[in-house]
1. Using only the Cα atoms of chain A, construct the convex hull and provide its projected area averaged over every direction, in square nanometres to one decimal.
2. Averaged across the residues of B:117-124, what count of C-beta atoms belonging to other chains lies within 10 Å of each residue's C-beta?
3. With a/c under 1.5 counting as rounded, go ahead and sort the range A:126-195 into rounded, prolate or oblate using the C-alpha gyration tensor (a ≥ b ≥ c being the square roots of the eigenvalues; past the cut-off, prolate if a/b is larger than b/c, else oblate).
4. Return one number: the angle in degrees, 0 to 90 and rounded to the nearest 10, between the long axis of the Cα atoms of helix B:36-63 and the longest principal axis of the Cα atoms of chain B.
5. Considering only C-alpha atoms, what is the centroid distance from the range A:1-75 to the range A:237-283, in Å?
6. Counting pairs of alpha carbon atoms under 8 Å apart in space and at least six apart in sequence, what relative contact order in percent does the range B:75-165 give?
7. P(r) tail for the range B:36-134, what percent of Cα pairs lie past 16 Å?
8. Between the helical axis of B:2-11 and the dominant principal axis of chain B, each derived from Cα atoms, what acute angle in degrees is found, rounded to the nearest 10?
């Protein structure tokens, strides 16, 4: 335990494998070359959007297991989640793999929650290896939270574009095998050194089409808690990377943290901003969804750590807590953010 | 500088109500908005084009020898058909992105709002999918359209009894 809400792992789990599966739009984005599988078929061979997301997640899990060189029986637990009601994308997606599993929900922050929880299981000695996976699908999310796809309406400029993608990571107790099939010789191994589970933070924003503003206070709270709990300054990290705050949320989180005495402007990145080119791809404020931070981590961020470009990062996926019901009943949209500390060794 | 002051006020607010209010004011400042003038102009010309097509169709059908009432009926059917066709081809959302209210207000917008759920929920079955959800967007328009026409009818009736109309 560190400080008031953080965890410093005694035996930091090693990330032995990572896989990312994305849709065509993400593949055409600036990070396209970092993803393992880019599917031109938005249905992933399935019959409905929900089925498509399940197939995409299954593909990501299988890719991660293949890259690790382990058999699937060696994966002791799977920790996964998505955005669809009752986590159906996850449950139907991993059903056939029959790995003992935990379903987790943290809206778009789920990758932080699942990776952190998998690391807790491994560090605590309850598992040799654990797999963390999340996904989101643009069409499934639009159908559930907004309008049918073919309905004609205008999206606000602060709105984000749900990423079609699934990212899976395997954490292990032992360093052996920490280089997966893609790691080149001389590259670094990556381990999870700590985490800061977030609190729910509600600043009373009711606009679900401006999720960056809903989630920025939560990101600020978690980042400040992490720095405080570990007694470090922002320069302890090469990069502090939020999940899907987008352009609007980025401006807010930097301003809020500056006012609290932490200047992160020169080292802040946001997965939602990284994943699309907003000028060419018409994505307004950026990407969002569980898949956004998951595929950016599994594809791009880990690569930067492995090549040694960055030594240490704070990965802070952010989630907006709402359902179509809570929104219609006039509730605000609180945010939550979970921070995971990754280090290249 | 104005924004910095607002951030200070958010974090130094005495209670949650004040903080939330200050934060929402600040969010309003940093959130980009569509240009109202540009949107209005786009809605004007796109809506105008749709209505002009409708008028052209009416004249066309009248030139086939239909009386005006029947020509208008055929015109409406044609526009609804075109809208549903464009919805099915996924072209309507692209038009709506530029047009805004210009493509929502004419009858083509109503047709789109019925066709889109029909396509989306078809996977959930004929009854619980299409049957239950086809009017998820258009439903309120139908319900409150009927209610308001009923109220207007009542007013018309009362005014008639009073000999005003």
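1. Numbers: hull surface 62.8 nm².
That works out to 15.7 nm².
2. Working: counts 5, 2, 4, 10, 2, 1, 6, 2.
Counting Cβ atoms of other protein chains within 10 Å of each residue's Cβ and averaging gives 4.
3. Numbers: a/c = 3.37, a/b = 2.71, b/c = 1.24.
Judged from the Cα gyration tensor, the range A:126-195 comes out prolate (a/c at least 1.5, a/b above b/c).
4. Once rounded, one gets 10 degrees.
5. That distance is 23 Å.
6. Working: 61 pairs, mean separation 18.5, N = 91.
This gives 20 percent for the range B:75-165.
7. The share of Cα pairs beyond 16 Å in the range B:36-134 comes to 61 percent.
8. That works out to roughly 70 degrees.
Only the coordinates and a few stated rules stand behind these numbers; no lab work does. Computed from a prediction, not measured in an experiment: that's the story for all the values here. Using ideal geometry, Cβ is built from the backbone for each residue, glycine included, and neighbour counts are taken over all protein chains shown.
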